[in-house]
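Colleague: First the structure, which I've put down as structure tokens, then a few questions once you've had a look.
Laboratory data are not the source of any read-out in this text; all were calculated from the coordinates shown. On a predicted model such as this, the values are computed, not experimentally measured, just so you know. With ideal geometry, Cβ positions are generated from the backbone for all residues, glycine too; neighbour counts draw on all protein chains shown.
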Amino acid sequence: MRRFFSALLLVTAVALAMGMGGWAAVEPVAAQENQSANQTTAAPPSTANGTLALSDAARITHWEFEDETVHVTVELEISRTVTISDSVVGLNSSGASRPPSQSWSLSRGTHNLTMPVERVRGGMAVEVETAGGSYVLRHAMDPPEDGANPFETFGGESGLFWGVGMTVIVAALAAWYTVRTEASGVVEA
């Protein structure tokens with residue numbers, strides 16, 4: 001009878017550990033949500049017409065991506081150097097990449113800047129910077145085509161958890177059978 005309770009205790013401990021593993025995976029996410037709710041983030045400085053303020057003297061008044069090219073309109077109140085850097089270069093490969101960038105020394109006024117950019121999964125992004133600030137301008141990426149599910153080998157999430165649950169049940173039945181049939185201890189072969 002003592003062996004039966006030991007086996008039952010073992011099975012219960014394994015089942016609780018499996019359940020706590022799922023709970024532990026959910027708890028940090030809830031903690032992160034609470035942290036992000038407590039933090040306040042300032043909205044990007046912009047005017048009603050969508051102008052992005054890089055600094056007190058520099059603004060992005062218009063931007064768009066078209067045919068692997070970015071077009072940025074910058075309005076300057078004083079002479080500044082404006083740099084545009086490609087932010088997605090090298091995302092399709094591993095290793096280090098040096099992002100291509102172009103710099104313009106511009107005088108006061110409105111300037112239309114154009115630069116070729118790399119397209120990754122249909123998306124593009126550049127960083128526009130000048131003394132006093134910067135913005136990353138993005139065109140959304142398409143979702144991955146493969147839709148890789150790491151549990152697909154096991155029949156998806158439900159197949160994996162069903163397999164683990166079935167294994168625990170079979171182990172519990174085997175332990176029960178062993179304890180039940182070996183009432184007088186281990187028999188020597």
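Colleague: For a quick check: with amide H placed at 1.01 Å from N, whose amide H comes under 5 Å from ARG121's, ignoring anything fewer than 5 positions away on the same chain?
Modeller: Result for ARG121 returns nothing.
Colleague: While we're on this one: Would the range 56-139 count as rounded, prolate or oblate if I go by the C-alpha gyration tensor, calling it rounded below 1.5 in a/c and otherwise prolate when a/b exceeds b/c, oblate otherwise?
Modeller: prolate
Colleague: MET141 to HIS62: FRET efficiency via 1/(1 + (r/R0)^6), r the Cβ-Cβ distance, R0 35 Å, to the nearest 0.05?
Modeller: After rounding to 0.05, the efficiency reads 0.95.
Colleague: With a 10 Å Cβ neighbour count serving as the proxy for reagent exposure, in which order, fewest first, do VAL74, VAL82 appear?
Modeller: In order of increasing Cβ crowding within 10 Å: VAL82, VAL74.
Colleague: Take the alpha carbon gyration tensor of the range 94-137, find the square roots of its eigenvalues, order them as a ≥ b ≥ c, and report rounded if a/c is under 1.5; if not, report prolate when a/b exceeds b/c, else oblate.
Modeller: prolate
Colleague: Report, in debye and to the nearest 20, how large the dipole of the range 56-139 comes out about its Cα centre when Lys and Arg carry +1 and Asp and Glu carry -1 on their Cβ.
Modeller: 160
Colleague: Explain nothing, just the number: relative contact order of the range 56-139, from Cα pairs under 8 Å at least 6 residues apart, as a whole percent.
Modeller: 33
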